[in-house]
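See structure below.
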Amino acid sequence: MKGITTYSSIKDYNREIGLETLHPLINVYDMSTLEKIKHGLRINGFYAVYLKLKMCGNLIYGHGKYDYDEGTMVFTAPGQIVGIDDDEYTYHPEGWALIFHPDLLRGTPLGSRMKDYTFFSYAINEALHTSERERDTVITCMKEIRAELEHPIDKHSKQIIASTIELLLNHCMRFYDRQFITREVQSNDVLKKFEQILLDYYSHPESASKGTPTVRYCADALHLSPNYFGDLIKKYTGKSPQEHIQLFLIEQIKERLTGSDKTVSEIAYDLGFAYPYHLSRVFKKATGLTPNEYRAQI
């Protein structure tokens, strides 16, 4: 892997690729206005939304590579590694990019909502694939932000820009919901594998020493980012992965309470709970009974 360049500010990034800085905390640009883009790996100190309208090689993003399809959208958060790992150029690029610094959002409703846009932490193979109509919507939002940047900055600028970014991200959230639905076969396959991962978890003697199953453990086993995995399962089943894991644990506890003479403490340690009272608390919250009350009742 080549050297990695860090861009802390929008101005530094603009200077590198030859763009004018209209606002110190944000830029929107039509890639077709650039003759070429130099490849390289970088860490940005800002959020970025890319809409690619032309295939441009293998993009490095996080720990994976992705060969762009036309109409692909990728979202990156501050601190992530992104770029193309070679010394080549993309000539006559096509697409749009929005980059904005977290400081732009301070004191705005969007600033407190950014954590809801979990796709900024998706892996590269979980990119958004847009339809032609969806691309038109994205470009319209990009152009509106660009027009506001070209307007003299006044007391309304920050709120208008932040509101339009929020509108764009809300559209992208809707598009991801559509992608989850249209890829139902893939979603169903992930759900089946998730269930099997849980069923297999305690078949390995060392599992209990690692604790109870976690969302990250299951996501890693499925080669998905935790956020994408969580959003997909929630969209497909109505329950979060954590809720599925809790239901699985309750069934495991019930089986051991009724199928063995082990104490609650022994069952807790067998299942990877750090302390027996953790098991009792989880069980009572789900069933309304303590483990011993449930055993006596059965």
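The values are calculated or read from the model by the stated rules, or taken from the named source; none is laboratory data. The model shown is predicted, which means the values in this text are computed figures rather than measured ones. Cβ atoms come from the backbone with ideal geometry, glycine included; neighbour counts cover every protein chain shown.
Just wondering, is there one or more residues in the range 157-174 that are polar (S, T, N, Q), buried (at least 16 other Cβ atoms within 10 Å of the Cβ) and closer than 30 Å to Pro276 by Cβ? The answer is no; no qualifying residue exists. When the range 15-30 is filtered for residues that are crowded, with 18+ Cβ neighbours inside 10 Å and either in contact with a Ser or Thr (Cβ under 7 Å, 6 or more places away or on another chain) or outside any loop (DSSP other than H, G, I, E, B) (or both), the ones remaining, listed by number, are Ile26, Asn27, Val28, Tyr29.
Taken over the range 259-277, the criterion of being assigned to a helix (DSSP H, G or I) and either surrounded by 14 or more Cβ atoms within 10 Å (Cβ to Cβ) or in contact with a strand residue (DSSP E or B) (Cβ under 6 Å, 6 or more places away or on another chain) (or both) is satisfied by Val264, Ser265, Ile267, Ala268, Tyr269, Asp270, Pro276. Can you confirm whether Ser112 is closer than 19 Å to Asn14 by Cβ, at pLDDT below 95 and out of contact with any helix residue (DSSP H, G or I) (no Cβ under 6 Å at 6 or more places or on another chain)? Spelling it out, it is not the case that Ser112 is closer than 19 Å to Asn14 by Cβ, at pLDDT below 95 and out of contact with any helix residue (DSSP H, G or I) (no Cβ under 6 Å at 6 or more places or on another chain).
Report whether or not Ser157 is at pLDDT below 95, assigned by TED's automatic domain parsing to the domain that holds Tyr269 and over 16 Å from the mean Cα position of the chain (by Cα). The answer is no for Ser157.
Being assigned to a loop (DSSP other than H, G, I, E, B) and of a type in the set (Gly, Ala, Ser) is the filter here; which residues of the range 212-236 pass it? Ser225 - this is the single residue of the range 212-236 that is assigned to a loop (DSSP other than H, G, I, E, B) and of a type in the set (Gly, Ala, Ser).
Scanning the range 242-262 for residues that are of a type outside the set (A, V, I, L, M) and either closer than 23 Å to Leu232 by Cβ or not assigned by TED's automatic domain parsing to the domain that holds Arg216 (or both) yields Gln242, Glu243, His244, Gln246, Phe248, Glu251.
Residues considered: Ser187, Ser209. Of these, the only one that is surrounded by fewer than 15 Cβ atoms within 10 Å (Cβ to Cβ), in contact (Cβ under 8 Å) with a residue 24 or more places away in the chain and assigned to a helix (DSSP H, G or I) is Ser209. The residues of the range 52-81 that are under 16 Å from the mean Cα position of the chain (by Cα) and either modelled with pLDDT of 50 or more or farther than 28 Å from Asp220 by Cα (or both), listed by number, are Thr72, Met73, Val74, Phe75, Thr76, Ala77, Pro78, Gly79, Gln80, Ile81. Lys239: closer than 30 Å to Val74 by Cβ, among the charged types (D, E, K, R) and either touching a Gly at 6+ places or on another chain (Cβ under 6 Å) or part of a helix (DSSP H, G or I) (or both), yes or no? Spelling it out, it is not the case that Lys239 is closer than 30 Å to Val74 by Cβ, among the charged types (D, E, K, R) and either touching a Gly at 6+ places or on another chain (Cβ under 6 Å) or part of a helix (DSSP H, G or I) (or both).
Looking only at the range 181-201, filter to residues that are among the hydroxyl-bearing types (Ser, Thr, Tyr) and in contact with a helix residue (DSSP H, G or I) (Cβ under 7 Å, 6 or more places away or on another chain); which one of those is farthest from Leu247 (Cα to Cα)? That would be Ser187. Residues in the range 82-119 that are under 17 Å from the mean Cα position of the chain (by Cα) and in a strand (DSSP E or B): Val82 only.
Within the range 120-149, restricting attention to residues that are within 18 Å of Leu224 (Cα to Cα), assigned to a helix (DSSP H, G or I) and in contact with a strand residue (DSSP E or B) (Cβ under 9 Å, 6 or more places away or on another chain), the residue that is modelled with the highest pLDDT is Phe120.
Does Thr130 count as in contact (Cβ under 8 Å) with a residue 40 or more places away in the chain, farther than 16 Å from Leu51 by Cα and touching a Gly at 6+ places or on another chain (Cβ under 8 Å)?
Values: in contact (Cβ under 8 Å) with a residue 40 or more places away in the chain: yes; farther than 16 Å from Leu51 by Cα: no; touching a Gly at 6+ places or on another chain (Cβ under 8 Å): yes.
When the stated conditions are applied, Thr130 does not pass them.
Can you pull out the residues in the range 114-140 that are exposed (fewer than 15 other Cβ atoms within 10 Å of the Cβ), of a type in the set (S, T, N, Q) and over 11 Å from Val74 (Cα atoms)? Ser131, Thr140, listed by residue number. Within the range 7-34, residues that are within 20 Å of Cys141 (Cα to Cα) sit with their Cβ atoms under 8 Å from residues that are of a type in the set (Ser, Thr, Tyr) and in a loop (DSSP other than H, G, I, E, B), at 6+ positions apart or across chains, in these pairs: Ile10/Thr21; Pro24/Ser9; Asn27/Thr21.
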